[in-house]
Amino acid sequence: MMLEVVMNELLDRQVAQRYASWFRALADPTRVQIAELLARRREPMSVGQITAAVGMAQSTISQHLKILAEVRFVLAESSGNANLYRINEACLQRFPTAADVVMGRPVAGPEETPC
């Protein structure tokens with residue numbers, strides 16, 4: 001899917017829906033904290049490690065991770081009986097461009113959305 005913003009034309013509906021899902025996923029402070037933690041750590045973490053760092057119930061953290069994974073900000077990988085979570089660098093790199101497009105700021109050029 002190509003991102004093309006032409007003056008006086010609306011953003012493509014599919015692209016707008018994708019961006020809206022990204023903004024919704026980051027509309028909760030706990031999810032922002034989780035994304036920031038994983039981005040800063042730059043290594044996979046278990047739900048238990050994330051729970052300990054954020055200081056909330058494991059079920060709450062799991063629900064937030066599910067939402068972040070649905071929009072691919074976070075990727076899960078199996079490790080025995082558990083999942084390890086890591087930040088999706090490609091997805092987070094596109095987020096500032098999404099914000100620029102929504103705000104009507106020029107972007108460097110058409111890019112594919114990797115998430």
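Each value in this text was obtained by applying a stated rule to the coordinates, not by laboratory testing. Note that the structure is a prediction, hence the values are computed from the model and not measured. Note that we place each Cβ from the backbone using ideal geometry, even for glycine, and neighbour counts take in every protein chain shown.
Which cross-chain or sequence-distant (5 or more) residues have an amide H under 5 Å from the amide H of residue 46, H modelled 1.01 Å from N in plane?
Distant-sequence amide H within range of residue 46: 85.
Evaluate the Kirkwood expression for the hydrodynamic radius of the range 13-94, namely the inverse of the mean inverse distance over all pairs of different C-alpha atoms, and round to one decimal in Å.
After inverting the pairwise mean of 1/r, the radius is 12.8 Å.
Specify which residue in the list 35, 19, 75 is farthest towards the positive end of the charge dipole of the range 13-94, using unit charges on the beta carbon of Lys, Arg (+1) and Asp, Glu (-1), about the Cα centre.
Sorting the options by dipole projection puts first 19.
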